[in-house]
Amino acid sequence: MNALAIELQTYFTAFAHAQRDLAANTISAYRDTWRMLIKYLAETTRTRAEHIDFTDVDAEHVSAFLDYLETERDNTVSTRNCRLCAIRAVLSHAVANHPEHAATITRVLAMPPKRHPQPMLEFLTTAEADALINAPDRKRWTGRRDHALLVLAIQTGLRVSELCSLTTSNAHLGSSANITCAGKGRRKRATPLTASTVAVMTAYLTERAARPGQALFCGPTGHHLSRDALEHRLAIHLATAAPSCPSLAEKHVTLHTLRHTAAMNLLAQGVDVAVIALWLGHQRTQSADAYLHADMNIKQTAIDRTRPPNTKPGTYHPEPNILAWLGTL
């Protein structure tokens, strides 16, 4: 077993768990990155995977691997940068243990993430959200479950991982109704529920009590639904809702889009951006600034305030008779 193999085993079995206590999703993402990298290096260098060592993980090969992710696997720049972060995480731990490879490792650690334009946030309008919520067939158990899930997701803005991990004990439907969860970075928070959400969740939990397990949104055996299962159910309901709301078909809607929708609903009601950041469980309040850029009403209000006092607010429309207008000059 070479030095790289030993370092990978040490990192994933001891350091990531015992010292860093990284989240399971983070460890899985780092693991998958290194599996892809080693397979890529084995094919590129024509070396058996078990023989790949630190000398093969140099800046040139890592750069080529990142380009391969974009060009061959059609990964986004964000995914590319996340893979680079996973590579650097392991190498940062390894550099102190293997000074003989410090020069090679340092060059990889110095590689910057690739810059890219940030896309505009996509969210659902009120009509689109209503169409999606009403799409599940509530004559069936799965439809009633999915209806409750969509109502909760759009009102609270929980992350996909948070929705997947909810248990029945996380729902508190008495006075000051709220849903509790352990979010990103293991930060715990409680999100208040509206009266309409409480009504839906109360009816759902009454029926849910007859089923096994403690997962709030469960499958047939009572276990938690996976991220893929939730996205699959969402795709089904989007297809059902699209005929009655054609604009849904023009958007790329994921469960994270529902999170953006919750934030935009709060912003439309005049909630401060800092409060929205806390609501969504962001570590930094600046993370919610993107919602200001996505809200055209805020921008329209701002531009209306820049007009002279005697100017009627609204969008400019040219005179229909241009010759008559020129004659008034």
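The values are calculated or read from the model by the stated rules, or taken from the named source; none is laboratory data. What you see is a predicted model; the values in this text were computed from it and never measured. Note: ideal-geometry Cβ built from the backbone for every residue, glycine included; neighbour counts use all protein chains shown.
In summary, Ile105 fulfils each of the numbered conditions (1) within 29 Å of Leu225 (Cβ to Cβ); (2) not in a loop (DSSP other than H, G, I, E, B) with the single exception of condition (1).
Here region 23-45 is the region considered, the condition is being among the small types (Gly, Ala, Ser) and at pLDDT 90 or above, and the residue that is farthest from the chain's Cα centre (by Cα) is Ala42.
Among the charged types (D, E, K, R) and surrounded by 15 or more Cβ atoms within 10 Å (Cβ to Cβ): does that describe Arg140? For Arg140, the condition - among the charged types (D, E, K, R) and surrounded by 15 or more Cβ atoms within 10 Å (Cβ to Cβ) - is not met. Filtered by the rule that a residue be more than 21 Å from the chain's Cα centre (by Cα) and free of Cβ contacts under 8 Å to residues at least 40 places away in the same chain, region 230-241 gives a lone residue, Ala239.
Here's the yes/no breakdown for (1) surrounded by 15 or more Cβ atoms within 10 Å (Cβ to Cβ); (2) at pLDDT below 95; (3) not assigned by TED's automatic domain parsing to the domain that holds Cys164:
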| site | (1), (2), (3) |
| --- | --- |
| Glu7 | yes, yes, yes |
| Ala14 | no, yes, yes |
| Asp21 | no, yes, yes |
| Thr47 | no, yes, yes |
| Leu66 | yes, no, yes |
| Leu69 | yes, no, yes |
| Arg80 | yes, no, yes |
| His101 | yes, yes, yes |
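Go through region 279-291 and give me each residue that's in contact (Cβ under 8 Å) with a residue 40 or more places away in the chain and either small (Gly, Ala, Ser) or surrounded by fewer than 19 Cβ atoms within 10 Å (Cβ to Cβ) (or both).
Restricting attention to region 279-291, the residues satisfying the condition of being in contact (Cβ under 8 Å) with a residue 40 or more places away in the chain are 279-281, 283, 290-291.
Scanning region 279-291 gives Trp279, Gly281, Gln283, Ala290.
The number of residues in region 122-169 that are in a helix (DSSP H, G or I) and among the aromatic types (Phe, Trp, Tyr) comes to 1. Taken over region 241-251, the residue count meeting the criterion of being of a type in the set (S, T, N, Q) and either at pLDDT 95 or above or not in a helix (DSSP H, G or I) (or both) is 1.
Residues in region 39-60 that are in a helix (DSSP H, G or I) and more than 19 Å from His98 (Cα to Cα): Lys39, Tyr40, Leu41, Ala42, Glu43, Thr44, Thr45, Ala49, Glu60. Are any of the residues in region 252-266 in a helix (DSSP H, G or I), surrounded by 12 or more Cβ atoms within 10 Å (Cβ to Cβ) and at pLDDT below 85? Checked region 252-266: no residue is in a helix (DSSP H, G or I), surrounded by 12 or more Cβ atoms within 10 Å (Cβ to Cβ) and at pLDDT below 85.
Looking at region 169-207 only, could you name the residues that are farther than 14 Å from Gly157 by Cβ and in contact (Cβ under 8 Å) with a residue 60 or more places away in the chain? Answer for region 169-207, where residues must be farther than 14 Å from Gly157 by Cβ and in contact (Cβ under 8 Å) with a residue 60 or more places away in the chain: Gly185, Arg186, Arg187, Tyr204, Glu207.
Restricting attention to region 122-160, and to residues there that are of a type in the set (S, T, N, Q) and within 17 Å of Pro246 (Cβ to Cβ), which single residue is modelled with the highest pLDDT? Full working, then the answer.
Restricting attention to region 122-160, the residues satisfying the condition of being of a type in the set (S, T, N, Q) are 125-126, 134, 142, 155-156.
Now narrow it down to the ones that are within 17 Å of Pro246 (Cβ to Cβ): 125-126, 134.
Numbers: Thr125: 91, Thr126: 92, Asn134: 95.
Step by step, filter region 122-160, then rank; the result is Asn134.
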